[in-house]
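The values are calculated or read from the model by the stated rules, or taken from the named source; none is laboratory data. Only a predicted model underlies this, so the values are computations on that prediction, with no experimental measurement involved. Using ideal geometry, Cβ is built from the backbone for each residue, glycine included, and neighbour counts are taken over all protein chains shown. For the accessible areas, the whole protein counts, side chains as well, though only heavy atoms, and no ligand, DNA or RNA atoms are used. Shrake-Rupley method; radii C 1.70, N 1.55, O 1.52, S 1.80 Å.
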Amino acid sequence: PMRLRTLFLLASLTLPLAACGDDEPSSAGEMHADGHMTRSESGAYMLHPMASDWAPTTGDHTVRFHLMNDDGAVQASAMAVEPWMPDHGHGSSAVPEATDMGDGMWEVSRLVFTMPGAWELRFDVTIDGQAERFVMPVTVQ
């Protein structure tokens, strides 16, 4: 009886929380629940990989990213990308190339993941003369 009451109490407290959620992009440096949106550290901008089914594996990738704010696409004057493996304290052997495609779209090529595990894509973006940083967690298979 006591165990059953405890289980009931836990279920009644946690089930309403499981239904909670919002469609707002995540806070700085965290991925949204759908795994596709990252906010800048300032919180003013969002970065979204355009491959909805992107599941990175080791090797070389080319991916387009859309830069935006709450009003829509944002034009940046520069973007640098660094793949980084925080648990190992190292990056990739290749330097990614970011190409401005216009209308807030950037294509990043030479995005090389040298091993499976937890990676970060560190984006340094210049928007209206201001530096913005994005840290996008990526799990490489």
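Candidates are the residues of the range 81-102 that are hydroxyl-bearing (Ser, Thr, Tyr) and open to solvent by less than 70 Å² (accessible area, probe 1.4 Å); the one that is modelled with the lowest pLDDT is 92. Could you say whether any residue in the range 49-58 is touching a residue at least 12 places away in the same chain (Cβ under 8 Å), open to solvent by less than 40 Å² (accessible area, probe 1.4 Å), in a strand (DSSP E or B) and under 17 Å from residue 36 (Cα atoms)? Taking every residue of the range 49-58 in turn, at least one turns out to be touching a residue at least 12 places away in the same chain (Cβ under 8 Å), open to solvent by less than 40 Å² (accessible area, probe 1.4 Å), in a strand (DSSP E or B) and under 17 Å from residue 36 (Cα atoms).
Does residue 135 fit the bill of being part of a loop (DSSP other than H, G, I, E, B) and either under 14 Å from the mean Cα position of the chain (by Cα) or surrounded by fewer than 18 Cβ atoms within 10 Å (Cβ to Cβ) (or both)? No: the conditions fail for residue 135.
Among the residues of the range 70-79, count how many are surrounded by 15 or more Cβ atoms within 10 Å (Cβ to Cβ) and in a strand (DSSP E or B). Count: 1. Filtering the range 103-128 to residues that are open to solvent by 20 Å² or more (accessible area, probe 1.4 Å) and on the phi < 0 side of the Ramachandran plot leaves 105, 107, 109, 112, 114, 115, 116, 118, 120, 122, 124, 126. Number of residues in the range 95-128 that are basic (Lys, Arg) and more than 22 Å from residue 39 (Cβ to Cβ) equals 1. Flag set for residue 46, criterion: open to solvent by less than 90 Å² (accessible area, probe 1.4 Å) and under 12 Å from the mean Cα position of the chain (by Cα).
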